[in-house]
Amino acid sequence: MPADPQRTPKREGEVATAPKLKKAPRYMVVFHNDDYTTKDFVVHVLMKFFKLTITEATHIMLSVHHKGHGVAGVFSRDLAETKAVQVTDYAKRHQMPLKVTAEPES
C-alpha cells in the first residue's frame, strides 16, 4: 500500500511539519467613566470580580476617572464578555450606571 503523500517527506531528510496555529485573539475588559458611579463602587467591583488588591483597583479607578476608561484585565473573548456582563448586571442591581465592555486587544 503506498504511503500518504501529504504525510511523507518529499525528499530524504526532510521533516514533515504540522501547520502553525494562530493564537486566539485576546479581549480587554474596559471600564468607562460616567458622572454617577462612585469611585468606591468601581474599586469594590474591581476587587470583587477581578481579584485585584485595593492598590491595583484604585490605580485602575483613577485611570477611569482621569482618562475616561481603564482596563481591568485581558482575557479570552468568552471570559472577557462574561466578566463585562457580570459587572454590568451587578452595577444595575446596585443602581449604578457603570458601563463595562469587552474589546479586542490592540
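In this structure, Gly73 does not qualify as surrounded by fewer than 14 Cβ atoms within 10 Å (Cβ to Cβ) and modelled with pLDDT of 95 or more. For segment 49-105: of the residues being within 17 Å of the chain's Cα centre (by Cα) and acidic (Asp, Glu), which is farthest from Ala24 (Cα to Cα)? Going through the qualifying residues, I end up with Glu56. Only residues that are under 20 Å from Glu103 (Cα atoms), without any contact (Cβ under 8 Å) to a residue 60 or more places away in the chain and either surrounded by 20 or more Cβ atoms within 10 Å (Cβ to Cβ) or not basic (Lys, Arg) (or both) were counted across segment 22-51, and they come to 7.
The values are calculated or read from the model by the stated rules, or taken from the named source; none is laboratory data. This is a predicted model, so every value here is computed, not measured. Note that we place each Cβ from the backbone using ideal geometry, even for glycine, and neighbour counts take in every protein chain shown.
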